[in-house]
Amino acid sequence: MDRIIEYTLSEAYRDRKLYEFLRENGYSRQNITDLKYTDSGVFASGERIKMDYRLVPGQTIAVHIRENRN
């Protein structure tokens with residue numbers, strides 16, 4: 001099952017990089033690497049964004065998590 005988690009960015013994240021935000025919100029380095037190389041990884045305003053993307057307060061980002069079934 002896949003999940004999409006949406007975050008609305010606060011002023012505290014102005015000009016911070018996406019990967020810093022993800023690390024501060026509990027994503028592991030492996031999670032971030034997986035998101036980086038997945039076409040449906042992280043989106044802002046409907047567009048795919050890279051891990052060095054500079055965040056904008058008030059913007060909503062969507063993180064697409066793929067869960068493996070064992």
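The values are calculated or read from the model by the stated rules, or taken from the named source; none is laboratory data. Quick caveat: nothing in here was measured; it's all calculated off a predicted structure. Because the Cβ atoms are built from the backbone with ideal geometry, glycine has one as well, and the counts that use them run over all protein chains shown. Just so you know, the surface numbers come from the protein's heavy atoms only, side chains and all, with ligands and any DNA or RNA stripped out. Shrake-Rupley method; radii C 1.70, N 1.55, O 1.52, S 1.80 Å.
Brief remarks on what is shown
- Theoretical FRET efficiency, 1/(1+(r/R0)^6), r = Cβ-Cβ of Gln30 and Val56, R0 22 Å, to 0.05: 0.25
- Net charge contributed by nearby residues that have their C-beta within less than 12 Å of Ile32 (K/R +1, D/E -1): +1
- MRE, 222 nm, helices only [DSSP H, n ≥ 4, -39500 (n - 2.57), over the chain, to nearest 500]: -5500 deg cm²/dmol
- Low-density loop positions, chymotrypsin sites (Phe, Trp or Tyr not before Pro), the chain - DSSP coil, at most 12 other Cβ in 10 Å: Tyr37
- Stokes-Einstein D (µm²/s) once Rh is taken as the Kirkwood radius of the chain over alpha-carbon pairs, at 37 °C in 0.692 mPa s: 268 µm²/s
- By accessible area, using a 1.4 Å probe on protein heavy atoms only, the chain has 44% of its surface on carbon and sulfur.
- Over the chain, accessible surface divided per residue gives 71 Å², non-protein components excluded, 1.4 Å probe.
- Net charge over other residues, Cβ less than 12 angstrom from the Cβ of Lys17 (K, R count +1; D, E count -1): +1
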